[in-house]
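Heads up, the thing below is written out as structure tokens.
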Amino acid sequence: MRGVVCAALTLAASFALWGRGSAQGPQVADRPVEQTRKNIQVLKGLPESQLLPEMNFIAASLGVQCGFCHVNKGRDPQTGQTNWVWESDENEHKKIAREMMRMVLTVNGGQFGLSRGQVTCYTCHRGQEHPPSLPTLPLAVSGHEPAPAARPTPPAGAAPGANAPRPAQPTVQQVFDKYVAAVGGQDALAKTETLTFKGTREASQGRVWPFEATVKGSDKFLMVVEIPQQGRFSQAVNGAAGWVVNPRSHRAVTPKELGDIKGVADMFRAVKFTPAQTMRVAGRRRVGDRDAVVVVDRPSEGVQRRYFFDAQTGLLLRILTLTDAILNQLPEQIDFEDYREVEGIKLPFTMRTSAIDTYNSFTRKLTEVRAGVSVEDTLFNMPAQPAPKP
């Protein structure tokens with residue numbers, strides 16, 4: 001699969017789009033795969049933009065790679081790319097995979113009280129080609145008796161964990177207020193309307209790219225990435241418009257691209273979360289060794305977003321986005337680590353984006369952050385296109 005898609009992915013990922021692009025649901029005019037690919041039998045109706053993430057979800061669930069199901073005819077001696085024959089049915093595993101997909105669709109079809117995404121390939125396989133069919137012996141607990149160190153059954157009428165009452169659940173507004181206070185408070189934030197960043201974007205296969213980013217107010221953002229052997233890639237938001245400039249393109253962005261770049265900008269703002277009517281507090285979860293308060297949002301149809309806030313400090317630890325697909329939900333996660341104080345506000349110096357495909361996963365590490373610097377609005381204007389060479 002890499003041979004076919006790497007060239008396109010390099011340019012797409014080079015903009016350091018924070019990865020949410022594949023996790024925001026189908027694009028406008030995103031054609032179904034049966035119209036763009038050959039020999040689609042099960043996944044009819046799947047948007048083209050979700051096909052590769054869906055395939056990567058299946059591969060990760062089974063712990064296999066593309067060649068497990070798909071046929072290739074070796075490498076093209078001229079391009080060095082793998083000649084994949086995606087529509088071929090020569091590989092028996094592909095036929096089995098289709099039957100497995102049909103089974104998942106049937107199980108989640110409502111007959112068993114389940115809905116789409118509740119049972120997936122990962123439910124059984126857990127990263128293995130052959131899922132286990134028996135529990136591993138010896139067992140720590142069974143249906144007949146609890147584990148040796150298990151707590152005794154509470155007396156009738158007593159609520160489980162009655163001796164350890166759960167903390168009161170905060171409101172979304174209370175979570176937000178604590179978060180803003182943890183970042184530095186409204187007074188400190190008001191003094192840091194402009195932020196500039198320098199750092200590196202590190203990904204698999206030795207892809208380490210330096211970048212610079214500038215945020216001003218709520219509607220201005222510029223990122224410049226230097227990609228070895230390719231050149232400088234710039235993208236910006238300026239009010240309701242945006243643009244991209246690189247060695248191959250010099251243009252205004254589409255509405256979908258504008259939304260993606262705004263998503264990148266949000267990750268560089270001091271406050272990365274704003275309460276909305278669609279949000280609710282969904283209890284607590286563990287993030288590493290931290291207890292986290294979880295806020296769940298449905299920002300658009302088919303998309304769920306979960307925000308994890310450190311229950312003690314109030315700082316944002318993680319954003320998990322789940323996008324509905326035909327067989328399952330497609331996950332994407334951003335972790336915020338290494339908070340440091342800059343001009344009275346706390347910012348994460350490490351931002352880790354994890355996609356279902358490791359090629360699209362990356363880590364941004366900041367090396368320099370400046371707050372409150374003077375930046376002219378003209379910085380966010382699209383530069384003039386250079387005159388063609390004679």
Exercise. Within the range 207-219, restricting attention to residues that are aliphatic (A, V, I, L, M) and crowded, with 18+ Cβ neighbours inside 10 Å, which residue is nearest to residue 366 (Cα to Cα)?
Worked result: 213
Problem set entry | residue 327 being in a loop (DSSP other than H, G, I, E, B) and either farther than 17 Å from residue 170 by Cβ or among the β-branched types (Val, Ile, Thr) (or both) | yes
Problem set entry | Filtered residues of the range 221-280 (kept if among the polar types (S, T, N, Q), within 24 Å of residue 335 (Cβ to Cβ) and surrounded by 15 or more Cβ atoms within 10 Å (Cβ to Cβ)) | 235
Problem set entry | Selection status of residue 318, surrounded by 18 or more Cβ atoms within 10 Å (Cβ to Cβ) and either free of Cβ contacts under 8 Å to residues at least 12 places away in the same chain or assigned to a strand (DSSP E or B) (or both) | yes
Exercise. Does the range 215-244 hold any residues that are at pLDDT 95 or above and among the β-branched types (Val, Ile, Thr), and which are they?
Worked result: 215, 224, 225, 237, 244
For this session: Test residue 355 against the stated conditions and say whether it is surrounded by 17 or more Cβ atoms within 10 Å (Cβ to Cβ), of a type in the set (Gly, Ala, Ser), within 23 Å of residue 55 (Cβ to Cβ) and in contact (Cβ under 8 Å) with a residue 40 or more places away in the chain.
Result: yes
For this session: Can you tell me which residue among 337, 301 is without any contact (Cβ under 8 Å) to a residue 24 or more places away in the chain and either more than 19 Å from the chain's Cα centre (by Cα) or surrounded by fewer than 15 Cβ atoms within 10 Å (Cβ to Cβ) (or both)?
Result: 337
Exercise. Residue 213 passes all but one of (1) in contact with a strand residue (DSSP E or B) (Cβ under 7 Å, 6 or more places away or on another chain); (2) farther than 16 Å from residue 351 by Cβ; which number fails?
Worked result: (2)
Problem set entry | Matching residues in the range 175-189 - criterion: being out of contact with any Leu (no Cβ under 6 Å at 6 or more places or on another chain) and of a type in the set (A, V, I, L, M, F, W, C) | 175, 176, 180, 181, 183, 188, 189
Exercise. Can you tell me which residue in the range 274-314 is nearest to residue 177 (Cα to Cα), limited to those that are among the β-branched types (Val, Ile, Thr) and part of a loop (DSSP other than H, G, I, E, B)?
Worked result: 274
For this session: Mind listing whichever residues of the range 50-82 are surrounded by fewer than 20 Cβ atoms within 10 Å (Cβ to Cβ) and of a type in the set (D, E, K, R)?
Result: 73, 75, 76
Seminar exercise, completed: Only one of 288, 239 is over 17 Å from residue 383 (Cα atoms), out of contact with any His (no Cβ under 9 Å at 6 or more places or on another chain) and of a type outside the set (Phe, Trp, Tyr), namely 288
For this session: Scan 78, 118 and give me the residue that is farther than 21 Å from residue 330 by Cα and without any contact (Cβ under 8 Å) to a residue 40 or more places away in the chain.
Result: 78
For this session: Please state which of the following conditions residue 258 fails to meet, knowing it meets all the rest: (1) in a helix (DSSP H, G or I); (2) within 21 Å of residue 363 (Cα to Cα).
Result: (2)
Problem set entry | Of all residues in the range 321-334 being crowded, with 21+ Cβ neighbours inside 10 Å and not hydrophobic (A, V, I, L, M, F, W, C), the one that is farthest from residue 182 (Cα to Cα) | 328
Exercise. So which helices (runs of 4 or more DSSP H) are wholly in the range 1-95 and hold at least 1 residues that are at pLDDT below 90 and out of contact with any helix residue (DSSP H, G or I) (no Cβ under 9 Å at 6 or more places or on another chain)?
Worked result: 2-14
Seminar exercise, completed: Filter the range 360-390 for residues that are assigned to a helix (DSSP H, G or I) and surrounded by 19 or more Cβ atoms within 10 Å (Cβ to Cβ); the one that is nearest to the chain's Cα centre (by Cα) is 360
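The values are calculated or read from the model by the stated rules, or taken from the named source; none is laboratory data. Predicted, not measured: the structure shown is a model, and the values here were computed from it. Counting neighbours? That spans all protein chains shown, and the Cβs are built from the backbone with ideal geometry, glycine included.
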